[in-house]
Amino acid sequence: MAKKPQNTAGNRNEDSAPQERKWPDKAIIRYIIRALVLLIVFAWALVNLDAVLRFLGTVLALFTPFLIGGAIAFLINVVLRPLECCWNKVCRRAPEKLTRPVCLSASTVLVLGILFAVVFMMIPSLRESGDEFIQNIPAYVEEIGRWWTGVVRFTAKYNIVLPEYAIDSDLLIEKVTALISDEGSGILTVTWGAATSVLSALVDVLLGLVFALYLLAKKEVVAAHLKKLIVTVLPQKKAQRLLSIASLTNQTFTNFVSGQLTEAVIIGVLCFFGMLILGIPYAGAVSAFVAVTALVPIFGAWIGGGLGAFLILLAEPGKALWFILFLLILQQVEGNLIYPKVVGKSVGLPGLLVLMAVTIGGEAFGVLGMLFSVPVCAVLYSLYLEFMKKASTNH
C-alpha cells in the first residue's frame, strides 16, 4: 500500500506557531509581594528602632495588668486543677456549683499565702541578723586583733615589720550603723526605695489578680470562645495546627511549673532539715528563700544560697562557711538526682538543652528569661521532633 504523503509544511507551520507565555501562579505572586512588604517593614523598623521600641513599650505598659493576670492565672491553675480533682473524689455529694468557687478560693489563698509568708519571714530575719552583727562587732574586732598580733610576732622573726593593728570598735559600729540605716544613703533607705518602686506597681498586680480570678472562674467559656475565634478566622488546616501548638504549649508549661514547684519544695525541705541538724541559724527563712529562688532552673538555688549565706554571715560568720559547704553538697544532689528525675522528665528536654536554654534566656531577658526559657525550648524541641518524624516518614 502506498503511503500518503505527509503534510510537512503544515507541521512546520504548527511548530513555528508562537507559544502562549506562561505567567507565574497567583499564589507565588502573592507570596513574593508579602515577602517584599515584610522586608520593607523590617528595614524601616531597623532604621527607626528607637521609635519602635518606645511604641512597643507603650503598648506593653497598657497590657501589663493583663499579662500579669495571665501569669497569675496560670500559676494558680497549676494548684487549682489537682485540687478540683480531689474535691470531686472526696465531696461527690456536694453541689457541682460549689466546686469552682471553693477550689479557686483555696488555691488563691494557698499561693498568695506562701508568697507573703516567704517575704515576711525574710525581712525580719534580715533585720535581726543586722542587729546581731552590730552587737558582735567588738568581739569580731578583738578576735581579729589577737589574730593580727600573732601574725606580727611570726613575721618579726624573719625581720618583716608589719603595721600595728589599731581599729576603734566604737567608730566601726557607728560607721556600720550609718551604712545600714543612715537617711538618704543607707542600705535600708535604698531597700525601702526599691520597695516603694515595687509598691508603685501594686495597682497593676491587683488588676492582674482580678483578671486572673475571672479567667479561672470562666476558663472553659474563655477557651471555647478563643477556639471558636481561631476556627472562624483561619483556614481549617492552619486553625487545627495552631490549636495543636497551643495545646502542646499549655501542657509543656503546666508540666514544667508542676515539676519546678515539686523540686523547689524538695530542696527547701532538705535545706531546712540540714540546717537544723548543723545548728545553722535562720533555718526557716533561708530554706524558704532557697526554695523560692529554686523556681529559676539550675542557677536559682545558688542565688538563694548566696543571699542566705550573707544573712548567716552577719549573725554567725563561722556557721556561714558550714552553710556554703552544705549547700554545695545539696546542689550536687539536686543537680544530679532531683532535677533530672523531676523536671527533666516533666518537659522531656535533654539536660544539655536545659542548660543552654537557661543560659541564653538569662543573657537575653534576665530572670524571666531564665524562668521561661526551658518550657519554650521544650515546645520548640517537641515541634522539631515532630517535623523530623514527618520528614523521615515521607522519605
Quick calc, Leu352 & Lys389: beta-carbon distance into FRET formula, R0 35 Å, rounding 0.05, result 0.95
Going residue by residue through region 260-271, the Karplus relation 6.51 cos²θ - 1.76 cosθ + 1.60 with θ = phi - 60° gives ³J(HN,Hα) values, rounded to whole Hz and with x marking Gly or Pro, of 5, 5, 4, 5, 5, 5, 4, 5, x, 5, 4, 5
Residue separation between Leu202 and Lys227 times 0.36 nm, minus their alpha-carbon distance, gives in nm 5.8 nm
With every protein chain kept in place and a 1.4 Å probe, region 276-341 has an accessible area per residue in Å² of 45 Å²
The answer for Lys218, listing residues at least 5 apart or on another chain whose modeled amide H is closer than 5 Å to its amide H, is none
Nearest-0.05 FRET efficiency for Lys26 and Leu248 at R0 = 45 Å, using Cβ-Cβ distance, is 0.85
Mean separation of Cα contacts under 8 Å (at least 6 apart) over the residue count of region 261-302, i.e. the relative contact order in percent, is 42 percent
Label model pair Val59, Lys157: point-to-point distance (7 angstrom along the Cα→beta-carbon line) in nm is 7.5 nm
In this structure, the FRET efficiency calculated for Arg146 and Asn88 from their beta-carbon separation, with R0 = 45 Å, to the nearest 0.05, is 0.10
For Thr262, placing the label point 7 angstrom along Cα-to-beta-carbon and taking region 285-327, residues whose amide nitrogen sits under 16 Å are 295
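The values are calculated or read from the model by the stated rules, or taken from the named source; none is laboratory data. Note that this is a predicted model, so its numbers are computed, not measured. Using ideal geometry, Cβ is built from the backbone for each residue, glycine included, and neighbour counts are taken over all protein chains shown. To get the accessible areas, we keep the full protein, side chains included, count just its heavy atoms, and leave off ligands, DNA and RNA. Shrake-Rupley method; radii C 1.70, N 1.55, O 1.52, S 1.80 Å.
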